[in-house]
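Please treat every number below as a calculation from the coordinates, not as lab data. Everything numeric here is computed off the predicted structure, so don't read it as measured data. In this analysis, Cβ positions are derived from the backbone assuming ideal geometry, glycine residues included, and neighbour counts consider all displayed protein chains.
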Amino acid sequence: MHPILNRNLFFIKEKVGMFKASNNYDIFNPETQELILTCTEEKLGFFTKIFRFTKYKRNTPFNVVVKTTSGETVLTVKRGISIFLSKVEVFDEKDNLIGKFKQKFFSIGGKFDVLDANDNLVCTLKGKWTSWDFKFMKENQELAEVNKKWSGLGKELFTTADNYMLCISEMLPENAPARILILGAVMCIDMVLKE
């Protein structure tokens, strides 16, 4: 696992563009406002690009790659075409399968299970249908939270609706595979649950 994933705070800012088919993000250290990771959607096919501008956008496949600013791959999140429920896979920097996300049927606000490579439950992502607020829960313990509220150093600089903060609990040990899965899940919440 790349050491940058042992951080507990990540500020995610969507790259905005007109008529863009792909989802791209910059990830910052919220305390210093330093760019630490980039997230790009690679290998978009012609038909996928076309369907991204239709009501079927949520059903299109994606291949999201998170890299350091020097170009090292940290993780990759992939999904094929989704008809009813999304099944998303997460790979580490060496392209080894680390885990999966399995969307829950009929969940209000959004919910999916975060599974390891052997389909064992790591945690569950739960969202509120009224806001952009998600929690990664293992039984009654919160492992991480994603929302659009941040009152840290970057408050004045980062204010648009396309930005959000990932706060990983300090109780989650360094180098825990759940860290890769949590960051991977955040990179596809928009595409799986919110679009």
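Couplings 3J(HN,Hα) for the stretch 134-140, derived from phi with the Karplus relation 6.51 cos²θ - 1.76 cosθ + 1.60 (θ = phi - 60°), are 10, 10, 9, 10, 10, 6, 9 Hz, where x marks Gly and Pro.
With a Förster radius of 22 Å, plug the Cβ-Cβ distance of residue 113 and residue 24 into 1/(1 + (r/R0)^6) and report the FRET value to the nearest 0.05. Please list the in-between numbers first.
Details: r = 27 Å, r/R0 = 1.21.
That pair, residue 113 with residue 24, gives E of 0.25.
So if R0 is 25 Å, what FRET efficiency would residue 133 and residue 36 give, r being the distance between their Cβ atoms, rounded to the nearest 0.05? That gives a FRET efficiency of 0.60. Put simply, when 169-175, 118-124, 7-13 are sorted by average Cβ atoms within 10 angstrom per residue, most first, you get 7-13, 118-124, 169-175.
If each residue of separation counts as 0.36 nm, what is the full-extension length gain between residue 102 and residue 72 once their alpha-carbon separation is subtracted? Show your work: numbers first, answer last.
On the way: separation 30, 0.36 × 30 = 10.80 nm, distance 2.74 nm.
So the chain would gain 8.1 nm between residue 102 and residue 72.
The slack in the chain from residue 171 to residue 6, taken as 0.36 nm per residue of separation less the alpha-carbon distance, amounts to 58.2 nm.
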